[in-house]
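**Student:** A single structure is presented below for examination.
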Amino acid sequence: MKIGDAPQEWATERLRAQFDSLSWDNGPHSETLPVLRFRLIKAAKEGTPEVKADAIRTLKFMKAQGALMALRHEQGDTGNLARKAFHELMNPRAMEAEDLSKLKKDKGKGSN
């Protein structure tokens, strides 16, 4: 997400922290991490192509290495998407520095 051409990494990190804060057993009707992971794996196996892609993207975001490892042996789109997501998770690309020169004030103009 960007605001004014500046990347906003805090939103992604806060959402990832919320996934990490899901507890193992928080009552009979609560969403726990194992239940969420199970539902995402099921959606990746049985859903429409769009649902499969979204489920695998969410598992990658959650850094669910084990789930992606299991899914990469599936046939068809699920296996292909899971292999790619697992590879990207294990081999992250370095972030490129953005050109922020547009955000700097012109030194010769409008100084008080």
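The values are calculated or read from the model by the stated rules, or taken from the named source; none is laboratory data. It should be emphasised that the depicted structure is a prediction, and the values quoted were computed from it without experimental measurement. Heads up, the Cβs are rebuilt from the backbone with ideal geometry, glycines too, and the neighbour counts pull from every protein chain shown. What goes into the accessible areas is simple: the full protein's heavy atoms, side chains included, and nothing from ligands, DNA or RNA. Shrake-Rupley method; radii C 1.70, N 1.55, O 1.52, S 1.80 Å.
**Student:** Hey, can you tell me all the residues within region 28-86 that are closer than 22 Å to A17 by Cβ and open to solvent by 60 Å² or more (accessible area, probe 1.4 Å)?
**Tutor:** Within region 28-86, E31, R37, F38, R39, D54, R57, K60, K63, Q65 qualify.
**Student:** Would you please list the contacts, defined by Cβ atoms under 6 Å and residues six or more apart or on different chains, that run from a residue in region 36-57 that is without any contact (Cβ under 8 Å) to a residue 24 or more places away in the chain and under 14 Å from G79 (Cβ atoms) to a residue that is open to solvent by less than 60 Å² (accessible area, probe 1.4 Å) and part of a helix (DSSP H, G or I)?
**Tutor:** From region 36-57, the pairs are A55/L40; A55/A43; A55/A44.
**Student:** Would you mind stating whether K102 is assigned to a helix (DSSP H, G or I) and modelled with pLDDT under 90?
**Tutor:** Numbers: assigned to a helix (DSSP H, G or I): yes; modelled with pLDDT under 90: yes.
Yes: the conditions hold for K102.
**Student:** Do you know which residues across region 60-85 are assigned to a helix (DSSP H, G or I), free of Cβ contacts under 8 Å to residues at least 24 places away in the same chain and more than 17 Å from P49 (Cβ to Cβ)? Reasoning before the result, please.
**Tutor:** Applying the first criterion (assigned to a helix (DSSP H, G or I)) to region 60-85 yields 60-61, 65-71, 76-85.
In the following step, the residues that additionally are free of Cβ contacts under 8 Å to residues at least 24 places away in the same chain were identified as 66, 68-69, 76, 79-80, 83-84.
Matches in region 60-85: G66, L68, M69.
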